[in-house]
Amino acid sequence: MAGQALEEIEAFARRASGVLPRRDLHSATRIEDDLSITGDDAVEFMETFFAEFGVDSSGFDFGRYFHDEGFNPLQLFWMPLRRYRDRQKKVPLTLGMLAKSVELKRWDAARIESAGPREAAT
C-alpha cells in the first residue's frame, strides 16, 4: 500500500507543481528545495494534499517545513553577519514523509520525521 500511496503522491506533486513527466520523483524528493513550492503555494499544496488524501492536518506546523514567500528588506542588514536562510533552518519535507502521513492518516511529526525518506514511504 505504501508504494501505491507514494505513486499517487508523486502524481499529485506533478499536477500541483507542474513538474514534467521526464523528471524523476522519489521518496526523498523535497517539496520546497526540489519542487520549488514555498510560501502561499506551499500552503495551498499542503491543504489540497490533506484534503485529497484524507490526512488529519491538526498536527502539521507549516513554519517547521516551509520558508515564507517574498523578500524582507531588513535581510540586507543581517546578510553580512549571517546568512538569513541559515538562521531559519527548516525540516526538509519529502514525498516519503507525505506517504507516511497517508499511512498514519494523520500528521505525526515525531513518527514521520524519525523515519528516513525511504523508510517513510514503506
### Task
Roll a 1.4 Å probe over the protein heavy atoms and report the accessible area of Asp41 in Å², nearest 10.
90 Å²
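What does the highest-first list of 90-102, 44-56 look like by mean Cβ count within 10 Å?
Values: 90-102: 23.2, 44-56: 15.6.
Packing proxy ranking, top to bottom: 90-102, 44-56.
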### Query
FRET efficiency for Asp56 and Ser36, Cβ-Cβ distance as r, R0 = 30 Å, nearest 0.05?
0.65
### Task
For segment 1-31 and segment 97-116, write down the distance between their C-alpha centroids in whole Å.
16 Å
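Going by the alpha-carbon gyration tensor, a ≥ b ≥ c the square roots of its eigenvalues, is segment 1-60 rounded (a/c under 1.5) or, if a/c is not under 1.5, prolate (a/b greater than b/c) versus oblate? Spell out each step's value before the answer.
Details: a/c = 1.82, a/b = 1.14, b/c = 1.59.
Since a/c reaches 1.5 but b/c is at least a/b, the shape of segment 1-60 is classed as oblate.
The values are calculated or read from the model by the stated rules, or taken from the named source; none is laboratory data. Since the model is a prediction, treat every value here as computed from it, not as a measurement. Neighbour counts are summed over all protein chains in view; Cβ atoms, including those assigned to glycine, are modelled from backbone coordinates with ideal geometry. For accessibility, only protein heavy atoms count, side chains too; no ligands or nucleic acids. Shrake-Rupley method; radii C 1.70, N 1.55, O 1.52, S 1.80 Å.
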